[in-house]
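The values are calculated or read from the model by the stated rules, or taken from the named source; none is laboratory data. The structure displayed is predicted, hence computed values, not measured ones. Heads up, the Cβs are rebuilt from the backbone with ideal geometry, glycines too, and the neighbour counts pull from every protein chain shown. The area values use the complete protein model at the heavy-atom level, side chains included, leaving out ligands, DNA and RNA. Shrake-Rupley method; radii C 1.70, N 1.55, O 1.52, S 1.80 Å.
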Amino acid sequence: MYLCTQMKQVRPKKNLGQHFLTDLNIAKRIADTVDEPYAELPVLEVGPGMGVMTQYLVEKPRPLKVVEIDRESVAYLRENFPRLNNNIIGGDFLRMDLNEVFEGQQFVLTGNYPYDISSQIFFKMLDNKDLIPCCTGMIQHEVAVRMAAKPGNKQYGILSVLIQAWYDVEYLFTVEPSVFNPPPKVQSAVIRMTRNAVTDLGCDEKLFKRIVKATFNQRRKMLRVSLRQLFDAAHPAPEGFFDDPMLTRRPEQLSISEFIALTNKVAAELT
């Protein structure tokens with residue numbers, strides 16, 4: 001076991017949004033979130049830093065790779081985790097071709113994700129949802145709450161709908177700022193997302209995303225107001241389209257199935 005308390009410290013870099021976890025008990029709890037429900041799949045850890053989670057992941061009987069953009073951290077990992085051999089990837093997760101990580105095999109994604117790019121990481125996960133049946137890890141508490149929020153909740157938004165369309169989201173536990181170096185100004189949370197049974201939304205996915213983003217970007221307005229931007233002189237809305245009672249609602253009141261129905265309604269008029 002590689003104990004980070006015995007290691008030479010890597011300097012946290014503000015420009016990379018680095019907040020190194022120092023509590024080993026919490027690190028192990030997060031690492032153990034990858035055990036269900038896909039204990040047999042390989043694991044890709046994003047942003048291992050000094051390996052506080054890696055030291056527990058590497059002990060599991062399954063393939064492990066880590067990707068780290070910070071060169072100092074990469075050098076540190078190579079020195080202190082020789083068991084990983086060539087499985088330390090120095091690079092930007094957001095620019096990676098995920099099909100190449102485990103030669104097209106599915107894997108579990110995990111990490112202590114940088115707060116400022118966590119949403120981008122999850123959008124990349126969605127783009128590769130057939131490769132990633134499960135994603136766990138630690139993110140900003142506020143983002144975790146949004147991801148797990150249900151219709152009618154003021155936290156329900158773009159991330160909630162786009163992720164829950166494909167994944168079941170579990171809010172696992174809260175992590176206080178005091179267990180990080182340096183301490184962030186907000187609470188953190190650990191989540192797990194597991195692919196649901198949906199294989200086809202039953203609508204145009206690009207239009208679905210466009211409608212979700214368009215309506216929540218004007219979340220205080222009725223749908224009939226925010227949806228007007230989807231139509232133009234070349235594709236005008238038909239007479240009476242905006243009289244539909246459904247369009248008097250606001251986006252946080254719609255379930256995912258209702259967003260799908262709305263997408264098909266708009267698609268029928270645009271074509």
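Residues to consider are Leu131, Leu126; find the one that is over 20 Å from Gly49 (Cβ atoms) and assigned to a helix (DSSP H, G or I).
Residue meeting the stated conditions: Leu126.
Please go through the stretch 70-88 and pick out each residue that is outside any helix (DSSP H, G or I) and surrounded by fewer than 19 Cβ atoms within 10 Å (Cβ to Cβ).
Filtering the stretch 70-88 for residues outside any helix (DSSP H, G or I) gives 70, 81, 85-88.
Within the stretch 70-88, Asn85, Asn86, Asn87 meet the criteria.
So which residues in the stretch 15-50 are of a type in the set (Gly, Ala, Ser), more than 18 Å from Ser178 (Cα to Cα) and at pLDDT 95 or above?
Ala31, Ala39
Contact list please: Cβ distance under 6 Å, first residue in the stretch 168-193 and touching a residue at least 24 places away in the same chain (Cβ under 8 Å) and open to solvent by 70 Å² or more (accessible area, probe 1.4 Å), second residue in a strand (DSSP E or B) and hydrophobic (A, V, I, L, M, F, W, C), pairs at least six apart or on different chains.
Tyr171/Ile191
Do the conditions hold for Val198, that is, is it in contact (Cβ under 8 Å) with a residue 12 or more places away in the chain, under 30 Å from Val266 (Cβ atoms) and open to solvent by 20 Å² or more (accessible area, probe 1.4 Å)? Lay out the reasoning, then the answer.
On the way: in contact (Cβ under 8 Å) with a residue 12 or more places away in the chain: yes; under 30 Å from Val266 (Cβ atoms): yes; open to solvent by 20 Å² or more (accessible area, probe 1.4 Å): yes.
It is true that Val198 is in contact (Cβ under 8 Å) with a residue 12 or more places away in the chain, under 30 Å from Val266 (Cβ atoms) and open to solvent by 20 Å² or more (accessible area, probe 1.4 Å).
With the condition kept exactly as written, say whether any residue in the stretch 112-130 is in contact with a Leu (Cβ under 8 Å, 6 or more places away or on another chain), surrounded by 14 or more Cβ atoms within 10 Å (Cβ to Cβ), hydrophobic (A, V, I, L, M, F, W, C) and at pLDDT below 95.
Within the stretch 112-130, one or more residues are in contact with a Leu (Cβ under 8 Å, 6 or more places away or on another chain), surrounded by 14 or more Cβ atoms within 10 Å (Cβ to Cβ), hydrophobic (A, V, I, L, M, F, W, C) and at pLDDT below 95.
Would you call Ala31 aliphatic (A, V, I, L, M) and more than 28 Å from Val169 (Cβ to Cβ)?
The answer is no for Ala31.
Just name the residue that is least open to solvent (accessible area, probe 1.4 Å) out of those in the stretch 137-166 that are in contact with a Pro (Cβ under 9 Å, 6 or more places away or on another chain), of a type outside the set (A, V, I, L, M) and not in a loop (DSSP other than H, G, I, E, B).
The selected residue is Ser160.
For residues that are in a loop (DSSP other than H, G, I, E, B) and of a type in the set (Lys, Arg), tally how many sit in the stretch 231-268.
Total meeting the criteria: 2.
Within the stretch 229-247, can you find the residues that are surrounded by 15 or more Cβ atoms within 10 Å (Cβ to Cβ) and free of Cβ contacts under 8 Å to residues at least 24 places away in the same chain?
Residue satisfying the conditions is Phe242 alone.
Pairs only if they're at least six apart or on different chains, beta carbon under 8 angstrom, first in the stretch 209-228 and under 14 Å from Asn264 (Cβ atoms), second among the polar types (S, T, N, Q); list them, first residue then second.
As it stands, the answer is Ile211/Thr263; Leu227/Thr215, since those pairs meet every condition given.
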